[in-house]
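Asker: Okay, here's the structure, questions in a sec.
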Amino acid sequence: MLNVGLLGAGRIGAVHANAIQSHPDSTLIAVSDVVSDNAQKLATQYHCDMRNTDDIINDPAINAVLIATSTDTHADLIEAATAAGKAVFCEKPVDLSLSRARACLDATADKAARIMLGFNRRFDPSFAALQRAVKAGEIGKPELLSITSFDPAPPPVAYVKVSGGLFRDMMIHDFDMANFVMGDLPESITAVGSSLVDPAIGEAGDVDTAVATLRYADGRIAVIQNSRRASYGYDQRLEVLGSQGQLQVKNVAENTLVKSTTDGIQSANPLHFFLERYMPAYHAEWTAFVTSVSNGTDAPVNLNDGVNALILAEAATQSVQSGLPSSVASI
Ligand SMILES: NC(=O)c1ccc[n+]([C@@H]2O[C@H](COP(=O)([O-])OP(=O)(O)OC[C@H]3O[C@@H](n4cnc5c(N)ncnc54)[C@H](O)[C@@H]3O)[C@@H](O)[C@H]2O)c1
């Protein structure tokens, strides 16, 4: 049985608490949050202790720590929990600063491959099936990957101001997806971005609509499109064109009803947002973590992957600022 301490009892912490308690081989021992009401709520719901973060990290009875705190605390908590001998699962991103993330990788050294990063989309059943098919060569050589990732509505501007910008906050998931599907890092990135959804996002120095084009050393291309607004819901699609065919993952709809009349054909909207769309993926990633810890194997998506996604986010941010392609090797 994996005895788990949960750090951070906010929006995603609540999702993870449920995944921990739903798994037959893990149990939630304690939860911490700097806002004690948040921790108390989860502790009451899941009948576990409420403690402070240091007590959880230093408790020898706790084998694993799940970090679901605000991003600026991740690197410090990864280092502290790893030094205390815990198995670590940490939400993305490692940090907003690439140099801090790299320092975290250095500080955890040979344990970095065991530290799991919460790139939950790798565990979406459809995206995972697409990646397996690419890897098995079912469409020949993948030549063009297209990733569409649109949120239903923009976050509050107060959130945007501390988010690190669209590329580090939102497109980071898509950079990791490109790394997952293509199997290596691109050579260069060219990105463009605009503020079209909310002028206040532009005034805060960020973009809300962006496209990044990734070019690989052998000529393969990936295109990622992000928007902070899609009026019809959370739009999450993948398409890979290969030398011998194509793979496509469509949106998951709220229901499967299709109405066909003389007026046309209508179906339901996509599931509203990430909690609805990816709930099975959050449970599957936790299962993968528990399995890797109990087998003593590397985490299927780890701290190295977290740093790689940040490298691409950094390259895209620089490209938007310079108006030129960014070389990934120079980041
Ligand atoms: N993988 C995903 O799909 C996904 C989705 C949402 C958020 N996230 C990531 O998860 C993290 C949390 O996001 P959220 O939306 O849940 O934010 P949130 O603000 O709802 O929750 C964060 C919680 O951490 C607490 N906290 C901050 N510092 C702490 C500390 N040192 N010790 C204990 N608690 C502390 C805060 O009080 C807050 O309750 C972010 O890094 C975010 O990028 C990932």
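Taken together, the values in this text are just the output of simple stated rules run on the coordinates, not laboratory data. None of the values given here were measured: they were computed from a predicted structure. Note that each Cβ is placed from the backbone with ideal geometry, even for glycine, and that neighbours are counted across all protein chains shown.
Asker: Kindly provide the trypsin sites (Lys or Arg not before Pro) of the stretch 250-331 that DSSP labels as loop, not H, G, I, E or B, and whose Cβ sees at most 12 other Cβ atoms within 10 Å.
Answerer: Details: sites: K250, K259, R277; in loops: K250.
Passing sites in the stretch 250-331 are K250.
Asker: Also: Please state the Cα pair-distance histogram of the stretch 102-164 with 10 angstrom bins from zero: what percent is in each bin?
Answerer: Calculated P(r), rounded to whole percents: 15, 25, 32, 26, 2.
Asker: Please grab the % of Cα pairs in the stretch 145-187 that end up more than 14 Å from each other.
Answerer: Working: 505 of 903 pairs.
Considering the stretch 145-187, 56 percent of its Cα-Cα pairs are separated by more than 14 Å.
Asker: Quick one: putting +1 on the C-beta of Lys and Arg, -1 on the C-beta of Asp and Glu, what dipole do you get for the chain around its Cα centre, in Debye to the nearest 20? Kindly include the intermediate steps, with their values, before the conclusion.
Answerer: Numbers: 24 positive and 37 negative charges, 116 e Å.
Roughly 560 debye for the chain.
Asker: Which residue fluctuates most in the GNM of the chain (Cα springs below 10 Å): T190, T82, T291?
Answerer: So, out of T190, T82, T291, the one fluctuating most is T291.
Asker: Based on a Kirkwood Rh over C-alpha pairs, give the Stokes-Einstein translational diffusion coefficient of the stretch 51-132 at 10 °C and viscosity 1.306 mPa s in µm²/s.
Answerer: Working: Rh = 13.5 Å.
Answer, rounded: 117 µm²/s.
Asker: While we're looking at this one, here's another question. P(r) of the stretch 255-321 in 10 Å steps, Cα pairs, percent per bin?
Answerer: Distribution as computed: 16, 22, 27, 21, 13, 3 percent.
Asker: For R229, enumerate residues with amide H under 5 Å from its amide H, sequence gap 5+ or separate chain, H modeled in the peptide plane.
Answerer: Long-range HN contacts for R229: D151.
Asker: Could you give the radius of gyration (one decimal) and Dmax (whole number) of the Cα atoms in the stretch 237-280, in Å?
Answerer: My reading of the Cα-based Rg and Dmax gives 14.2, 39 Å.
Asker: Right, here's the next one. What do you get when you divide the Cα radius of gyration of the chain by 2.2 N^0.38 Å, with N the number of residues? Show your work: numbers first, answer last.
Answerer: Numbers: Rg = 20.1 Å, N = 331, 2.2 N^0.38 = 20.0 Å.
Normalised Cα radius of gyration, the chain: 1.01.
Asker: Which percent of the Cα-Cα distances in the stretch 120-212 go past 16 Å? Intermediate results must be reported in sequence, preceding the final value.
Answerer: Working: 2579 of 4278 pairs.
Taking all Cα-Cα pairs of the stretch 120-212, the fraction more than 16 Å apart is 60 percent.
Asker: If you add up the charges near A87, with Lys and Arg at +1 and Asp and Glu at -1, over every other residue whose beta carbon is less than 13 angstrom from its beta carbon, what do you get? All intermediate terms of the calculation are to be shown ahead of the outcome.
Answerer: On the way: positive: K86, K111, R114; negative: D25, D298.
Residues near A87 contribute +1 overall.
Asker: Which listed residue (I12, T53, G219) has the Cα farthest towards the positive end of the charge dipole for the chain, taking +1 on Lys and Arg C-beta and -1 on Asp and Glu C-beta about the Cα centre?
Answerer: Checking the options against the dipole of the chain, the answer is G219.
Asker: In a shell of Cβ-Cβ distance under 12 Å around N52, excluding N52 itself, what net charge do Lys and Arg (+1) and Asp and Glu (-1) give? Kindly include the intermediate steps, with their values, before the conclusion.
Answerer: Details: positive: R51; negative: D33, D49, D54, D55, D59.
Every neighbour counted, the sum reads -4.
Asker: Still on this structure, I have one more. Could you tally the net charge around D218, taking each other residue with its Cβ under 15 Å from the Cβ of D218, Lys/Arg +1 and Asp/Glu -1?
Answerer: Values: positive: K141, R215, R220; negative: E143, D184, E187.
Combined, the nearby Lys, Arg, Asp and Glu give 0.
Asker: Report, largest value first, the span of the C-alpha coordinates of the stretch 173-212 along each principal axis, in whole Å.
Answerer: So the three principal-axis extents are 37, 17, 13 Å.
Asker: Taking a cut-off of 28 Å between Cα atoms, list the lysines near K86, but don't count ones fewer than 8 places away on the same chain.
Answerer: Within reach: K41, K111.
Asker: Explain nothing, just compute: Karplus ³J(HN,Hα) = 6.51 cos²θ - 1.76 cosθ + 1.60, θ = phi - 60°, for every residue of the stretch 113-130 in order, whole Hz, x for Gly and Pro.
Answerer: Ordered by residue, 3J(HN,Hα) equals 5, 8, 7, 8, 9, x, 7, 4, 5, 4, 9, 5, x, 6, 5, 5, 5, 4 Hz.
Asker: Report, in cubic angstrom per residue, the convex hull volume of the C-alpha atoms of the stretch 202-331.
Answerer: Working: hull volume 27.8 nm³, N = 130.
In the stretch 202-331, the Cα hull volume divided by residue count equals 214 Å³.
Asker: I'd like the antiparallel share, as a percent to the nearest 5, of DSSP beta bridges with both residues in the chain.
Answerer: Values: 35 of 60 bridges.
Antiparallel bridges: around 60 percent, rounded to the nearest 5.
Asker: Okay, moving on. About the Cα centre of the stretch 94-190, how large is the charge dipole given +1 on each Lys and Arg Cβ and -1 on each Asp and Glu Cβ? Please answer in debye to the nearest 20.
Answerer: So the dipole magnitude of the stretch 94-190 works out to roughly 240 debye.
Asker: So what does log10 I(q)/I(0) come out to for the stretch 1-103 at q = 0.10, 0.13, 0.15, 0.18 Å⁻¹, using the Debye formula with one equal point on every Cα and no solvent?
Answerer: After summing over all Cα pairs, the log10 values are -0.24, -0.40, -0.53, -0.76.
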